[in-house]
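The values are calculated or read from the model by the stated rules, or taken from the named source; none is laboratory data. The model shown is predicted, which means the values in this text are computed figures rather than measured ones. Cβ coordinates were reconstructed from backbone atoms using ideal geometry, including for glycine residues, and neighbour counts include every protein chain displayed. Quick note on the areas: whole protein, heavy atoms, side chains included, nothing else; ligands and nucleic acids left out. Shrake-Rupley method; radii C 1.70, N 1.55, O 1.52, S 1.80 Å.
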Amino acid sequence: MLDKIPDTMEAGRGFQVGFRVNGHPVTLEVPPSRRLLALIREDLGLTGTKRSCELGRCGSCMVLLNGRPVNACLTMAYQCEGADIVTIEGISAGGLHPVQQAFQEEGGFQCGYCTPGMVVSVVALLAANPQPAPEEIEEALSGNLCRCTGYASILRAVNRAIEQGGDIHEN
Amino acid sequence: MLQWREDLLRTPVLYQPSTLEEARKLKRELGAKAVYAAGGTLLRTLWENGTAALPEALIDLRGVAGFSGVRHEDGHLYIGALTELSACRSHGEIAMASPVLREAARGIAAPSVRNIATIGGNITCGYGDVLPALLVAEAELAVSGPDSSPWVPVAAWLADRWGSAYDPETIVAGVRLPSASACIELGGRRFEVYRKVGRREAFTPSLVTAALVGTIGEDGVLRGVRIAAGGGSSRPHRLEQAEALLEGRRFSAELMSSLCETVHEEYAPSGDAFATGAYKTKTAANLIAAELWRLLHPREHSPEQPVSPGEMASE
């Protein structure tokens, strides 16, 4: 093994990571490269975040990391140290979020598997930009794939959320 | 066919150095067992796809001093290697210094991936989609350290990266671009264009990327033209013969034909599982000629870039 290098942190099995999930502080002893998706679903039991492509290509596992959407399947445990993570459970902690309400009203889902990820991306978009232009909506949702709806109803849901002030966090 | 992959059961040891020298020392001692990581988005994709094995050690560069931030320095805009691609997409100073870099960042993956992925990683892989933009922006790289090492032009660094003598300890610490104000004022209309063609319209790996910058004079003459092409996992490079063909010439339909032929001769990427080399060459030639054509006929194709009649080039 290597000589210890001063100021270099070294960690293997038994690595401890601390972060906040939906406002609650969490400390986990996990391999440093374990995926955030596994931490959320398997270690913390928050199954609203969906597992699908596992390659950052579908957006089903979208969560907010320090307020910005990231793919939980691409993010590793050590990259979450000190971070503030919000999952779909956190978004709906105080009842249906206005964005979820808009998806429901416009039928912005069919099987619903992509919906938590979609909602997370829309919540992040509207928090940063409450009045996005159509091309800004398309860009913000470009990493969320849906295989059922054809997207028209999803875009209607986003527009409804904008009209109803979907950027307002109620919780 | 299913294959047993022992590497996926590994737990890589994580090293978090705080200086560049520590990072290099770790890589020197661990060799091929270790990989540098920052955002890690490309690495994760390679591991999951089985294109690369999960390494025994990760050297996390995110804590290394001096690799962060965007700032003006000595007439240049410095972009630290840890700058996320989402910042390259939205940072006002970057947009002013290099519209092509901003546009390149817009087309890479999706916002959620760009929130983790860094410009340093996109450069270091040797085929990232920011590279054609950096080539035409005449960007330079701080290789190994932000202060101690010379600035290396992107083209020279790419020659090294794709060469057989590339030093695996190499770390790209940052990029610098000529400041917007430092752009040579040639008069006329400046153009900066970046286009990507992938397998679908958005959120897709590139097949072909092209970046073009230059100026169309009042007299319709092209000056300071720089063109680069890349895409997929091909080595991006400047198209110097195409640049020479256009330099000092007046825009014309005939010139566009010659341009297509020149790009055909000059850009020969290899094929991959999704497209042949010939397809990519043809796409690059058509893309570059089409974008110049659009500049020639802005009213027909690009209402967002109006020009006055005096700026219109004559055929």
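For A:Lys50, the aspartates and glutamates whose Cα falls under 16 Å of its own Cα, not counting residues fewer than eight places away in the same chain, are A:Glu42, A:Glu89. Heavy-atom accessible area, probed at 1.4 angstrom with all protein chains present, ranks A:Tyr78, A:Tyr113, B:Tyr36 as A:Tyr113, B:Tyr36, A:Tyr78, highest first.
Hey, what's the per residue convex hull volume over the C-alpha atoms of chain B, in cubic angstrom?
Values: hull volume 44.1 nm³, N = 315.
Enclosed volume per residue, from the Cα hull, is 140 Å³.
Per atom type, the range B:188-303 shows carbon and sulfur on 49% of its accessible surface, probed at 1.4 Å.
The eigenvalues of the Cα gyration tensor, multiplied by 5 and square-rooted, give the range B:70-179 an equivalent ellipsoid with semi-axes of 20, 16, 12 Å from largest to smallest.
Would you mind counting up the charge near B:His264? Only other residues with Cβ under 14 Å from its Cβ, with Lys and Arg at +1 and Asp and Glu at -1.
Details: positive: B:Lys280, B:Lys282; negative: B:Glu261, B:Glu265, B:Glu266.
Local net charge: -1.
Within the shell defined by Cβ-Cβ distances under 11 Å, the residues around A:Val30 carry a net charge of 0, with Lys and Arg each +1 and Asp and Glu each -1. Excluding same-chain neighbours fewer than eight residues apart, the lysines reachable from B:Lys25 by a Cα-Cα span under 20 Å are A:Lys4, B:Lys33.
Percent of accessible area on the range A:67-171 owned by carbon and sulfur, 1.4 Å probe?
Carbon and sulfur together cover 51 percent of it.
Counting only alpha carbon atoms, the long axis of helix A:152-163 and the longest principal axis of chain A meet at about 90°. Would you list the membrane-span-like helices of chain B, meaning whole DSSP H runs whose alpha-carbon atoms span at least 24 Å along their axis and whose mean Kyte-Doolittle value is at least -1.0? Span-like helices here: B:277-296. Normalised by the number of residues in chain B, the mean separation of alpha-carbon contacts (under 8 Å, six or more apart) gives a relative contact order of 13 percent.
Kindly report the accessible area of the range B:38-146 per residue (heavy atoms of protein chains, probe 1.4 Å, no ligands, DNA or RNA), in Å². Mind showing how you got there, number by number?
Details: 3270 Å² over 109 residues.
For the range B:38-146, the solvent-accessible area averages 30 Å² per residue.
Would you please classify the overall shape of the range A:98-163 from the alpha carbon gyration tensor, given that a ≥ b ≥ c denote the square roots of the eigenvalues, rounded means a/c under 1.5, and beyond that prolate means a/b larger than b/c while oblate covers the rest? Here the range A:98-163 falls in the prolate category. Expressed as a whole percent, the accessible surface of the range B:67-125 that belongs to carbon and sulfur atoms is 53, based on a 1.4 Å probe. Straight Cα distances below 28 angstrom link B:Lys280 to the lysines B:Lys196, with same-chain residues fewer than 8 positions distant left out.
Just the accessible area per residue of the range B:170-267, please: how many Å² with a 1.4 Å probe?
Using a 1.4 Å probe on heavy atoms only, each residue of the range B:170-267 averages 41 Å².
The local environment of B:Ser90, defined by Cβ-Cβ distances under 15 Å, has a net charge of -1 under the rule Lys, Arg +1 and Asp, Glu -1.
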